[in-house]
Each structure stands twice: as structure tokens, then as C-alpha cells.
Amino acid sequence: MSQMDTGPEGPTATPPPAQPDTMGLGTTSMGMQPNVAAGVSYIFGWISGLIFFLMEKQNKFVRFHAMQSICLGALAAVLWVLYSILVVGALATATASPNAAAGGLGIMGMVFMLIWLAFFVLWVVCLIQAFTGKWFKIPVIGEMAMKWSGANPA
């Protein structure tokens, strides 16, 4: 429960007390532990990443993980669109050669399942690393997230 202060403008709510910095990651402008905020930014993919990136103004650790979550979600969306295009193309060729199209769809389906399994494992690793307070950078995506979030780990 927050207490109300009265000032010249009338009653105003006092911000939540800052959480103590137990991991050396600094404080957040949202009143959360940085590792919790960074971990939660991965939970709903790019959506939670975007929310935390826009809400957090000062903590570079949280902003980095939020941006990395956005980038990971964007990459997943691009791969989904490419896969959808390939499936539509394979289905279009099914009229000319049904046996070849069926084989191609089966192979594409297996490859796609392996890609999504890799994405899931990477997502879990990012989630764990963020919740434990570690600067974990995915190759290429992590570098972009570092640059775009303005983060620079100590």
C-alpha cells in the first residue's frame, strides 16, 4: 500500500521504495530487482520485451535483456514468415507433382520443428541467465541488442 503525500498540487502517491541492489546490477526505475525485470522481459517474448524496454529508463541490464527479447522475437517472426512462404510454395507445386511436394513438406516440417526446438532452448537459457543476473549475449542478436539498448556491461 502506498502512502499519500499532500503537496501544493494536492495528494500525490509516493513511489515504491527502491529494492536493495544485491547483485551489483544497479536499481531500476520501476522499483523491481533488475534480474527479475530482465527475466520477466523474456516471458511473453517480444511483447514483454517491448513493455520493459519502454518502461525502464535507467537500468542498462534490464534494457539490454528487454531489447534482446525483442530481437529474438523478431527473428522468430521472420523465420515463421519464411517458412510459411515455403509451405505455400510447396503446396502450389503439389498439383504438378504430389509425391515430391509431400516429401518436401515432410522434410520442411522436421527442419522447422528442430528450429523451433532450438528457439525454445535458447529462450529458456536467456530466461535463466537474466533471472540469475548474468549478461548473456546471443551471437549477433546480443551485439545488436547491446548497441540499440545503449548498454555496456561492467
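Please go through segment 51-84 and pick out each residue that is under 10 Å from the mean Cα position of the chain (by Cα) and more than 22 Å from Lys134 (Cβ to Cβ).
If the condition is that a residue be under 10 Å from the mean Cα position of the chain (by Cα) and more than 22 Å from Lys134 (Cβ to Cβ), then Ala74 is the only one that fits.
Answer with yes or no whether Lys57 is of a type in the set (D, E, K, R), loosely packed, with under 13 Cβ neighbours inside 10 Å and in a helix (DSSP H, G or I).
no
Any residue in segment 133-147 that's under 8 Å from Gln68 (Cβ atoms) and of a type in the set (Lys, Arg): show its pairings with residues that are surrounded by fewer than 16 Cβ atoms within 10 Å (Cβ to Cβ) and at pLDDT 95 or above at Cβ separation under 6 Å, as long as the two are six or more apart or on different chains.
Taking only residues 6 or more apart or on different chains, not a single pair turns up.
Of all the residues that make up segment 41-80, how many are touching a residue at least 60 places away in the same chain (Cβ under 8 Å) and among the acidic types (Asp, Glu)?
Qualifying residue count, segment 41-80: 0.
Taking into account only those residues within segment 117-154 that are surrounded by 15 or more Cβ atoms within 10 Å (Cβ to Cβ) and of a type in the set (Phe, Trp, Tyr), which is farthest from Leu75 (Cα to Cα)?
Among those residues, the one meeting the criterion is Phe131.
Please find, within segment 8-41, the residue that is nearest to Ala66 (Cα to Cα) out of those that are assigned to a loop (DSSP other than H, G, I, E, B), hydrophobic (A, V, I, L, M, F, W, C) and modelled with pLDDT under 65.
Met23
Could you check, for segment 105-128, whether at least one of its residues is in contact with a Gly (Cβ under 7 Å, 6 or more places away or on another chain), farther than 30 Å from Met32 by Cα and either at pLDDT below 90 or not in a helix (DSSP H, G or I) (or both)?
No - not one qualifying residue is present in segment 105-128.
I need a count of the residues in segment 42-52 that are in contact with a Leu (Cβ under 9 Å, 6 or more places away or on another chain) and either assigned to a helix (DSSP H, G or I) or charged (D, E, K, R) (or both).
4
Would you be able to tell me the number of residues in segment 76-96 that are surrounded by 15 or more Cβ atoms within 10 Å (Cβ to Cβ) and under 24 Å from Ile47 (Cβ atoms)?
Final tally of qualifying residues: 2.
The values are calculated or read from the model by the stated rules, or taken from the named source; none is laboratory data. These numbers were taken from a predicted model, which means no experiment stands behind them. With ideal geometry, Cβ positions are generated from the backbone for all residues, glycine too; neighbour counts draw on all protein chains shown.
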